[in-house]
1. Taking helices (runs of 4 or more DSSP H) that fall entirely within segment A:123-224, which contain at least 3 residues that are closer than 24 Å to residue A:82 by Cα?
2. Are there any strands (runs of 3 or more DSSP E) wholly within segment B:17-107 with 1 or more residues that are under 15 Å from the mean Cα position of the chain (by Cα) and closer than 28 Å to residue B:137 by Cβ, and if so which?
3. So in segment A:225-236, with the set limited to residues that are touching a helix residue (DSSP H, G or I) at 6+ places or on another chain (Cβ under 8 Å) and either under 17 Å from residue A:88 (Cα atoms) or assigned to a loop (DSSP other than H, G, I, E, B) (or both), which one is modelled with the lowest pLDDT?
4. Under 20 Å from the mean Cα position of the chain (by Cα) and either modelled with pLDDT of 95 or more or within 14 Å of chain A (Cβ to nearest Cβ) (or both): which single residue out of B:196, B:189 fits that description?
5. Can you pull out the residues in segment B:191-236 that are β-branched (Val, Ile, Thr) and more than 14 Å from residue B:31 (Cα to Cα)?
6. Is it the case that segment B:61-70 has a residue that's closer than 26 Å to residue B:148 by Cβ and surrounded by fewer than 20 Cβ atoms within 10 Å (Cβ to Cβ)?
7. Among the residues of segment B:155-178, which ones are acidic (Asp, Glu) and at the interface with chain A (Cβ under 9 Å from one of its Cβ atoms)?
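The values are calculated or read from the model by the stated rules, or taken from the named source; none is laboratory data. No experiment lies behind these values; they were computed from the predicted model shown. For neighbour counting, all protein chains shown are included, and Cβ atoms are generated from backbone atoms with ideal geometry for every residue, glycine included. Ligands, DNA and RNA are stripped out before the accessible areas are found, and what is left, the full protein with its side chains, is counted by its heavy atoms. Shrake-Rupley method; radii C 1.70, N 1.55, O 1.52, S 1.80 Å.
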2 protein chains.
Amino acid sequence: MKRNIDVCLSPELIHLYDLEGKIVVVVDILRATSVMVTAMAHGAKEIIPVATLDEAKSYLDQGYLCAAERGGAQVEGFPLDNSPFSYMNEEIKGQPIVITTTNGTLAITKSTSADQVLVGAFINIQAVADYIVRQGKDVIVHCAGWKGKTNMEDTLFAGALVELLCESHDLACDTAHLSLKYYQSVKDNLFEAVKNSAHAKRLNKLDVIKDIEFCVGQSIYDLVPVLEGDKLVAVK
Amino acid sequence: MKRNIDVCLSPELIHLYDLEGKIVVVVDILRATSVMVTAMAHGAKEIIPVATLDEAKSYLDQGYLCAAERGGAQVEGFPLDNSPFSYMNEEIKGQPIVITTTNGTLAITKSTSADQVLVGAFINIQAVADYIVRQGKDVIVHCAGWKGKTNMEDTLFAGALVELLCESHDLACDTAHLSLKYYQSVKDNLFEAVKNSAHAKRLNKLDVIKDIEFCVGQSIYDLVPVLEGDKLVAVK
C-alpha cells in the first residue's frame with residue numbers, strides 16, 4: 001500500500017497538520033539542518049537542538065560546544081557559527097553539540113508530536129528517502145522557512161523529496177504538488193536558483209556563497225539525524 | 001521606479017506582512033472571488049463580504065440576497081450557492097449581495113489594513129493587473145487557501161499575476177518566485193492541473209467540474225471589485 005507525503009510550508013502552519021503516527025522531516029537548508037548533518041557526518045556524538053538563546057547559554061556555561069545563530073549571523077559569545085565548514089574538524093568528534101537557530105530548531109521543537117522526527121538536507125536527501133521507505137509511514141516535510149514565511153530552498157528540498165518518494169508515497173495535498181513542480185522547474189540549476197533566494201541575498205552580505213554551494217549538493221552524506229528524546233542521533 | 005509584488009500563501013500568514021500603503025489582491029479561485037467577479041459583471045450593485053454565518057443570517061432576515069458556503073457546499077436556508085453560474089441572471093441586477101464563504105471572505109476581512117483591497121480571479125486577471133499598474137503601488141497577493149493551508153489554484157493565480165506584472169513589479173520575496181515558476185510549469189494546461197487539485201477533488205463529489213472549467217478561464221470580465229468601507233464595488 002502506498003503511503004502519503006505532505007508538505008507544510010511554514011512552522012506557523014504546522015498546527016494544521018495531524019502529525020500523529022507520521023514521520024516529520026524538518027528542513028532548514030540555509031543552514032541549520034545542513035549544519036546538523038555535516039556535524040554528525042564528521043563525528044559529532046549527538047546534537048541537542050534548543051529553541052532559545054537562554055537554553056543554549058545554560059549549556060554553554062556547562063562546557064558544551066554551542067552554536068547560536070540569529071538573523072543569519074553568529075551570536076556573540078558562542079564559539080560555533082552556522083556554516084557547515086565549521087564542523088569539518090577533529091574538535092567536534094565524539095562531542096555533543098548544542099544548536100539554536102532562527103528557524104530550524106523552532107521547527108524541530110514544533111514537530112515533536114510526530115511518531116519520528118528526522119533532519120533533512122540536500123546533502124543527505126537520499127539517506128532520508130531510503131530511511132522513510134524502510135519505515136513505510138506517512139511523511140510530512142516541515143519547512144523551517146524564514147521567520148514564519150515560506151522560503152525557496154526548503155520548498156525545493158520538499159519537492160526533491162516528493163520526487164524521490166513518488167514510487168512509495170502519493171501526494172497528499174496541493175503543497176506536495178506545488179513543491180514537486182517548483183523543484184522540477186529549477187532542478188537543472190539548483191545553485192543558480194538558490195543563489196537568488198531571499199536568504200542567499202541576506203547571507204551574501206555575510207559572504208557565505210561557498211556555504212550555499214555546499215548546501216545544495218545532493219546526497220554527500222549517508223546518514224539521517226533522528227530525534228530521540230531531546231537529542232538528534234545519527235542513523236545510517 | 002519598479003514596485004514590488006509579494007505573495008502570502010495563507011490567511012494564517014498574513015500577519016507577517018506589512019500591508020500599509022499597499023494593494024492587497026485577495027484570491028479564492030474555487031470559488032468565492034470567481035463568484036464575486038461574475039456577480040458584478042452581471043450587474044450586482046455591490047457585494048458585502050461577511051466572515052460569519054450569523055452576520056449573513058442577519059442580512060438575510062433584512063431581505064438581502066445572500067450566499068453562504070461552508071466546506072464547499074451551500075448552507076441550508078441561504079438562497080444562493082457558490083457557483084458562478086448562479087449569478088448569471090436578471091435577478092441579481094442592481095442588487096447588493098451578501099456573501100460568506102469558508103476561506104475567501106475571511107481573507108478579505110484580514111486584509112483591511114491595506115491601502116486598497118481588490119478581488120482577483122482568473123476571469124478578471126488582466127483587469128486586476130491593469131488596475132495595479134495604473135495605481136503604481138506595491139502589491140501583495142493574499143491567497144485564501146483552504147482552512148489555513150496553501151492550495152494549488154490560488155497559488156497559480158498569484159504566479160499568473162506575477163507574470164503579468166513583471167515589467168512594473170520586482171519579485172519581493174521567494175513566494176513570488178515560487179508562484180511564478182509553479183504557474184509557468186502548468187499554465188499550458190491549467191484546467192487539467194486544477195481538475196486534480198485537492199479542492200477540485202472535494203468539489204467533484206458535488207458535481208462542479210463545469211464551475212472549475214469556468215473559473216480557470218482568463219480575463220473574461222473587464223472589471224475589478226474594490227473594497228470601499230465594508231462593500232465591494234466594481235471598478236472598470
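1. Numbers: elements: A:125-135, A:152-164, A:174-186, A:190-195, A:198-204, A:209-215.
Those helices (runs of 4 or more DSSP H) span A:125-135, A:152-164, A:190-195, A:198-204, A:209-215.
2. Working: elements: B:23-27, B:46-49, B:65-70, B:96-100.
Because the criterion is at least 1 residues that are under 15 Å from the mean Cα position of the chain (by Cα) and closer than 28 Å to residue B:137 by Cβ, the strands (runs of 3 or more DSSP E) in segment B:17-107 that meet it are B:23-27, B:46-49, B:96-100.
3. A:236
4. Details: B:189 fails: under 20 Å from the mean Cα position of the chain (by Cα).
Matching residue, one of B:196, B:189: B:196.
5. Narrowing segment B:191-236 to residues β-branched (Val, Ile, Thr): B:194, B:208-209, B:212, B:216, B:220, B:224, B:226, B:233, B:235.
Within segment B:191-236, B:220, B:224, B:226, B:233, B:235 meet the criteria.
6. Looking only at segment B:61-70, we keep the residues that are closer than 26 Å to residue B:148 by Cβ, and these are B:66-70.
Now drop any that are not surrounded by fewer than 20 Cβ atoms within 10 Å (Cβ to Cβ), which leaves B:70.
The answer is yes; a qualifying residue exists.
7. Pass one, segment B:155-178, residues acidic (Asp, Glu): B:163, B:167, B:170, B:174.
Residue satisfying the conditions is B:174 alone.
Results for (1) touching a strand residue (DSSP E or B) at 6+ places or on another chain (Cβ under 8 Å); (2) among the hydrophobic types (A, V, I, L, M, F, W, C), shown as yes or no for each residue.
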residue	(1), (2)
B:129	no, yes
B:154	yes, no
B:191	no, yes
B:234	yes, yes
